[in-house]
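Encoded as structure tokens, the structure appears first; notes follow it.
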Amino acid sequence: MHTSSQELALEFLKTNDSVFASRSSISNTIDILSHGYLTTALSPMGEQWRKMRRILTKEIFNPSTLHRMLGHRNTEADTLLRYIFNQTNHRDGAVVNVRSITQHYCGNIIRRMLFNQRYNGKWRDDGGPTFEEEEHNQALFTIIGHIFAFSISDFMPWLKPFDLDGHQKNLKKALDIVQKNDEPIIEERVRRWKDKKMEGVKDDILDILISLEDENAKPLLSVTDIQAQITELQIATIDNPSNAVEWAMAELVNQPKILEKAIEELDKIVGRGRVVQESDIPKLKYLAACIRESFRLHPFSPFNLPHVSNSDTIVAGYFIPKGSEVLLSRSSLGRNSKIWEDPMKFNPERHLNDSTTELGLLEPNLQFITFSRGRRVVPW
């Protein structure tokens, strides 16, 4: 089922959230990517999903852990600024590829938080992406494209061995690139923890995942669990943010008056004597409104991941059987003329009422979609 109605979207993901909290188990792409449904965002409801979500919520994306990793994010922000400065510090000026640098920055932020390092490769003096980083990011976007792609074998499973659309081949090639960079780091770190060389050290997300123990003091997660979840975290944090920033920049450049207001706010809150810090972000209401408007008008993908019913139910008077998939249209919700006046116009002012500014990037009423809602909302 597909819906572009806010009322129905709330029926599915608010009123009947517990019913539509599962994921599809027929997608061969997701089966391969999640190592057999071992992750959080891509896995159907069950004990594995509950375990992984509990870990992300309580151990990884809690305020204490995020604050402890502030230095990792600041390091990458400084590197990004140095790269932009070096690119533009020429008498004749230079063109800065916003798409490239935002994807590069988002990829490096999560890699730094995961591994407390970048990948090996020849370091660039200007702070720009190495070949390995560009290759890795491109592989992640290839994987994302296959998550949302139609595959006939998902609906005719007997066709899977033939890989008629080439999805398996392309996905596995992209995964090989990601794993080529990730797995040596993971395996070496696991070995060091087993050898008692890392006790008490939790510098990054990988350390936290490895150090978790069950009630018998045994590792809570297998190496495969860790590998699968780390891949998913990288996929989840590179596409949506970089797309929103790219489109926001494009709209600001095309609308100088809006750009001027954003600059005025930055000058007032931050000033020109220092760089923006994470602690400034809650005060930058107009900038947040620009990003919200970018999410609304220019979603990264036309649909969210499908929500699957785990039991029979009734929605809007219609019988919905167990196992039904629901797709919310990101573009239709965000551009719905019944909700938004002049919906195709980029207008941050529409997000500046008192109740909206306190939400940041969240949108619980599903007037548009940023990071989903309910049990399947992104926990960070």
Checklist line | Pick from the range 253-275, criterion over 24 Å from Asn353 (Cβ atoms) and not in a helix (DSSP H, G or I), ranking: modelled with the highest pLDDT | finding: Gly271
Margin query: I'd like the full set of residues that are within 25 Å of the chain's Cα centre (by Cα) and β-branched (Val, Ile, Thr), limited to the range 322-355.
Written below: Val326
Next item on the list: Could you pull out the residue among Ile84, Ile143 that is β-branched (Val, Ile, Thr), out of contact with any Asp or Glu (no Cβ under 9 Å at 6 or more places or on another chain) and within 29 Å of Ile60 (Cβ to Cβ)?
Entry: Ile143
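Listed here are the residues, each with its yes/no results for (1) loosely packed, with under 14 Cβ neighbours inside 10 Å; (2) modelled with pLDDT of 90 or more.
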{"residue": "His136", "(1), (2)": "no, yes"}
{"residue": "Leu140", "(1), (2)": "no, yes"}
{"residue": "Asp154", "(1), (2)": "no, no"}
{"residue": "Pro157", "(1), (2)": "yes, no"}
{"residue": "Pro161", "(1), (2)": "yes, no"}
{"residue": "Leu164", "(1), (2)": "yes, no"}
{"residue": "Ile186", "(1), (2)": "no, yes"}
Note to self: One residue is enough: does the range 303-314 have a residue meeting the conditions out of contact with any strand residue (DSSP E or B) (no Cβ under 6 Å at 6 or more places or on another chain) and under 17 Å from Pro241 (Cα atoms)?
What the structure shows: yes
Checklist line | Complete set of residues in the range 1-36 that are surrounded by fewer than 18 Cβ atoms within 10 Å (Cβ to Cβ) and of a type in the set (Phe, Trp, Tyr) | finding: none
Checklist line | Unique residue being in contact with a helix residue (DSSP H, G or I) (Cβ under 7 Å, 6 or more places away or on another chain), buried (at least 16 other Cβ atoms within 10 Å of the Cβ), free of Cβ contacts under 8 Å to residues at least 40 places away in the same chain and not in a loop (DSSP other than H, G, I, E, B) when the list is Leu287, Leu328 | finding: Leu287
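Considering only helices (runs of 4 or more DSSP H) fully contained in the range 116-223, which possess at least 1 residues that are closer than 27 Å to Ser64 by Cβ?
Numbers: elements: 131-147, 167-194, 205-211.
Per the criteria, 167-194, 205-211.
Being among the charged types (D, E, K, R) and either in contact with a Phe, Trp or Tyr (Cβ under 9 Å, 6 or more places away or on another chain) or surrounded by fewer than 16 Cβ atoms within 10 Å (Cβ to Cβ) (or both) is the filter; apply it to the range 220-264 and report the residue that is nearest to Ser294 (Cα to Cα). Give the steps one after another, and end with the answer.
Going residue by residue through the range 220-264, those that are among the charged types (D, E, K, R) are 225, 232, 239, 246, 251, 257, 260-261, 264.
With the extra rule that they be either in contact with a Phe, Trp or Tyr (Cβ under 9 Å, 6 or more places away or on another chain) or surrounded by fewer than 16 Cβ atoms within 10 Å (Cβ to Cβ) (or both), the set shrinks to 239, 251, 257, 260-261, 264.
Values: Asp239: 13, Glu251: 8, Lys257: 16, Glu260: 17, Lys261: 16, Glu264: 19 Å.
Selected residue: Glu251.
Do you know which of the residues in the range 333-367 that are of a type in the set (A, V, I, L, M) and over 23 Å from Lys283 (Cα atoms) is modelled with the highest pLDDT?
Going residue by residue through the range 333-367, those that are of a type in the set (A, V, I, L, M) are 333, 339, 344, 352, 359, 361-362, 366.
Cutting the leftovers down to over 23 Å from Lys283 (Cα atoms) gives us 333, 339, 344, 366.
Details: Leu333: 93, Ile339: 91, Met344: 96, Leu366: 87.
The qualifying residue modelled with the highest pLDDT is Met344.
Could you run through the range 51-67 and say how many residues are surrounded by 13 or more Cβ atoms within 10 Å (Cβ to Cβ) and either of a type in the set (Val, Ile, Thr) or assigned to a helix (DSSP H, G or I) (or both)?
Pass one, the range 51-67, residues surrounded by 13 or more Cβ atoms within 10 Å (Cβ to Cβ): 51-53, 55-57, 59-62, 65-66.
Right, trim to either of a type in the set (Val, Ile, Thr) or assigned to a helix (DSSP H, G or I) (or both) and you get 51-53, 55-57, 59-60, 65-66.
Of the residues in that region, 10 qualify.
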Note to self: Need the failing condition index for Glu325 against (1) modelled with pLDDT of 95 or more; (2) among the charged types (D, E, K, R); (3) farther than 19 Å from Ser294 by Cα, just the number.
What the structure shows: (1)
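Given the condition under 30 Å from Gly374 (Cβ atoms), among the hydrophobic types (A, V, I, L, M, F, W, C) and at pLDDT 90 or above, answer yes or no: does some residue in the range 74-91 qualify? Steps first, answer last, please.
Here is the first cut: in the range 74-91, the ones under 30 Å from Gly374 (Cβ atoms) are none.
No, the conditions are met nowhere in the range 74-91.
The values are calculated or read from the model by the stated rules, or taken from the named source; none is laboratory data. As the structure is a computational prediction, the values presented were derived from the model and not from experiment. Neighbour counts are summed over all protein chains in view; Cβ atoms, including those assigned to glycine, are modelled from backbone coordinates with ideal geometry.
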